[in-house]
1. Can you list residues from other chains, or at least 5 along the same chain, whose modelled amide H is less than 5 Å from the amide H of residue 527?
2. Sorting check: for 558-564, 455-461, which peptide has the highest mean count of neighbouring beta carbons within 10 Å, and how do the rest follow?
3. Over the alpha carbons of region 142-295, what is the largest minus smallest coordinate on each principal axis, giving the biggest first in Å?
4. Grab the Cα-Cα distance for residue 322 and residue 432, subtract it from 0.36 nm times how many residues apart they are, and report the gain in nm with one decimal.
5. Provide the per-residue ³J(HN,Hα) series for region 410-425, in order, calculated from phi with Karplus coefficients 6.51, -1.76, 1.60 and θ = phi - 60°, each as a whole number of Hz, with x at glycine and proline positions.
6. Mind jotting down the distance between the C-alpha centroids of region 454-485 and region 375-395, whole Å?
7. Expected output is a single nm value to one decimal: the length gained when fully extending between residue 29 and residue 542, i.e. 0.36 nm times separation in residues minus the C-alpha distance. What is it?
8. Using the Kyte-Doolittle scale, which helices in the chain average at least -1.0 and also have C-alpha atoms spread 30 Å or more along the helix axis, with helices defined as whole DSSP H runs?
Amino acid sequence: MAEHEHEKDHLHRLRHSVSHVMAQAVLEKFPEGKVAIGPPIEKGFYYDFELPRPLTPEDLEGIESRMREIVAEGHDFVYQEVSEDEAREIFCEQPYKLELIDGIVSAGTDEYGEPLDEAPKLSIYRSGSFVDLCRGPHVENTKEINPDAIKLLNVAGAYWRGDERRPMLQRIYGTAWESAQELEEFLAWQEEVEKRDHRRLIKDLDLLSFHEEGGAGLAYWHPLGGRIRQVIEDFWRARHREGDYEIVYTPHIGKAQLWQESGHLGFYRESMYSPMDIDGAEYFLKPMNCPFHILMYKTSLRSYRELPLRWAELGTVYRYERSGVLHGLMRVRGFTQDDAHIFCTPEQIEDEVLRVLRFSLDLLRAFGFADFHVFLSTMPEKHVGEAERWEQAQESLRKAIDVEGLPYEVDEGGGAFYGPKIDIHVKDALGRRWQLTTIQFDFNMPERFDMTYIGEDGKEHRPYMVHRALLGSLERFFGVLVEHYGGAFPVWLSPVQVVLIPIADRHVDYAYAVAEQLRAAGLWVKVDDSGERMQAKIRDAQMQKIPYMLVVGNREMDAGQVNLRRRDGEVPGAMSVDEFIALAQDAIAERCVL
Ligand SMILES: [Zn+2]
Ligand SMILES: [Zn+2]
């Protein structure tokens, strides 16, 4: 573990150092260029520039070879603390750096708005002809960089500070490794990542679209995407019923008064859309479902005998995201959470937490995820609710993780002000981690809404409240699924499970007759009756990632059979229609990939 951390640390310094080398090469080519920020990131680095013209692929090649020369020249990375005046002098022609200096100097506060004990520190790093406002760390000398293990990847537009009202800069992405072989492996992985990019696949497979004229960050589910979503929702509902949840439905808008009471207008206003006026009152689109569930809770006097209550909703919410950060289905402005709220007594909390954790893992496993990592976030300094309640909640989370034997990390003090939480990250087929599930305690809302239940002692008590979303949102989860499977969904999730491929025109009627049987058996099926040759039809079905192809010609027609060919190239061959139906239904029931 320690060694692993150490390696990560070293790669981090290495990549940060290469980003400085790149910036030097870029500024040599464009002396009037302005530099913004250039951090190391996972598997690489980037640097943002304002340049007199858009960069071409030839530019990148030139910059990359100049970088190799700079590396070979063997420059030291030299750290120096500077005063504010010195910093302003050094970066007098670099407006973005001056703005960063303003930020560091003027903020002078920590993330809670409390003044920092010490004066903010300004530091620079020099290497070769480049100087950066930078805290480091860096390698000692450019010679530590392996010139055969660096590569510039691409240029993308990036708004300064992710703000679309600020200038659009050119961001050069690059990567750096310790060995040429690691670089090669990374490039192969990167190619696979691009192939599986959900933004491309949802278009190629005709699943979803986004429309500039309809509004950025709002997803449109086409019929085929809609089929998959329907399967996911049906499965989700069935599981929740088994898990003793109740399914509820609530409105999409609510009055300002409600959002005032819940506190959202205080601490969440920036993520909410402008109000609309209805009969002289302000209404807001809901960014969360919670206050609505609380209103329902409060429709009657609750007794401890009724608890726990588990209320789930596929609730569609709208949140403002800056247009610069929108990203396909991963970051959208309207989405459907697979939300639920659990209201229970202190005695029930331990069982409930274990139960919801297990429930979540079961659900995620059903979708083909097997590798989980949990993050537990505990009580921050600024918080609401008694420490004792926090302690109990955290213990119940910790215990549940232990019982399930999951690897986890603790983010001490990293919880929201209103309660501790756990996040579950899953590893996808390419080894990337995605945060899906969140199980979050809330000591704030029950207080704000004065929620109570009558206990065994006949007195009023405050219930515990837990928010949980297991898949997260259907939109983002779908994006993750598309990338995990590269669009080749398991049979139960495939929007077209079977394609019938008649060899010649005279087999088309038979193909339709078989298709009708399959449809009646509950399969999603289509007939490729185009005039294409059989090989072309098979290729086409493979492009569409349809799990089963059934070829029908004279022999099949005479015998009342079909000839099965699978997406992965396997050819189980001729079988009766009933045999095929049994095989497909089995794969669906078992949620097999094929
Ligand atoms: Zn730096
Ligand atoms: Zn909630």
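1. Amide H to amide H, under 5 Å and 5 or more residues apart or across chains, residue 527 pairs with 500.
2. Most protected by this proxy first, the peptides run 558-564, 455-461.
3. Cα extents, longest axis first: 68, 42, 33 Å.
4. Full-extension gain reported as 37.1 nm.
5. Computed from phi, the couplings for region 410-425 are 10, 9, 4, x, x, x, 5, 5, 9, x, x, 8, 10, 10, 10, 9 Hz.
6. Taking the Cα centre of region 454-485 as reference, the centre of region 375-395 is 18 Å away.
7. Taking residue 29 through residue 542 to full extension adds about 180.0 nm, to one decimal.
8. Qualifying helices, which must be both long enough and hydrophobic enough, are 2-29.
Read the figures in this text as sums done on the coordinates, not as results from a lab. Given the structure is predicted, the values throughout are model-derived calculations rather than measurements. Here Cβ is always computed from backbone atoms with ideal geometry, including for glycine, and neighbour counts include all displayed protein chains.
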